[in-house]
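See structure below.
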Amino acid sequence: SPAVAADQLCPAALASATPEDQKNIIGNRLYSLVHQTQPELAGKITGVLLELDNSELLHLLESSEALGATIQEALQVLEA
């Protein structure tokens, strides 16, 4: 499969990728965003987020507010 840079989430690249590759592409992008606010727990938080559907994950990439709220939810899950 063609390599896609984490900062280039073009719909065509995602559309042509397998669901597993889509999850990897989205996961890499999410990790870099989560790392900006939660560097210590970025890996664990990203793991929790990747349980969501790809469509939900794409929404998180587009909305920093939604991402922030979801990160807080993930933190609560990890602390439980």
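What does the accessible area per residue of the chain come to in Å², with a 1.4 Å probe and no ligands, DNA or RNA counted? Please list the in-between numbers first.
Details: 5170 Å² over 80 residues.
Per residue, the chain has 65 Å² of solvent-accessible surface.
Compute the length gained on full extension between residue 14 and residue 40: take 0.36 nm times their separation in residues and subtract their Cα-Cα distance, giving the result in nm to one decimal.
Values: separation 26, 0.36 × 26 = 9.36 nm, distance 2.86 nm.
Additional length available on full extension: 6.5 nm.
Could you point to the label whose value was computed as volume of the Cα convex hull per residue in Å³ for the structure here, given (1) 137; (2) 129; (3) 84?
(3)
Once neighbouring chains are kept in place and the probe is 1.4 Å, which whole percent of the accessible area of the chain is contributed by carbon and sulfur? Don't skip to the end; give the middle numbers.
Working: 2670 of 5170 Å².
C and S atoms contribute 52 percent here.
If you filter the stretch 47-80 for GluC sites (Glu not before Pro), then keep DSSP loop positions with at most 13 other Cβ within 10 Å, what is left? Let's see the in-between values first.
Values: sites: 51, 56, 62, 65, 73, 79; in loops: 51.
Here the sparse-neighbourhood loop sites are 51.
Excluding residue 67 itself, calculate the net charge of residues whose Cβ lies under 12 Å from the Cβ of residue 67, where each Lys or Arg counts +1 and each Asp or Glu counts -1. Display every interim value, and only then the final one.
Numbers: positive: 29; negative: 56, 62, 65, 73.
For residues surrounding residue 67, the net value is -3.
Would you mind counting up the charge near residue 48? Only other residues with Cβ under 13 Å from its Cβ, with Lys and Arg at +1 and Asp and Glu at -1. Intermediate values should be presented prior to the final figure.
Details: positive: 44; negative: 51, 56, 73, 79.
So the environment of residue 48 carries a net charge of -3.
The values are calculated or read from the model by the stated rules, or taken from the named source; none is laboratory data. Keep in mind the model is a prediction, meaning the values are calculated, not measured. Cβ coordinates were reconstructed from backbone atoms using ideal geometry, including for glycine residues, and neighbour counts include every protein chain displayed. SASA here: full protein model, heavy atoms, side chains in, ligands and nucleic acids out. Shrake-Rupley method; radii C 1.70, N 1.55, O 1.52, S 1.80 Å.
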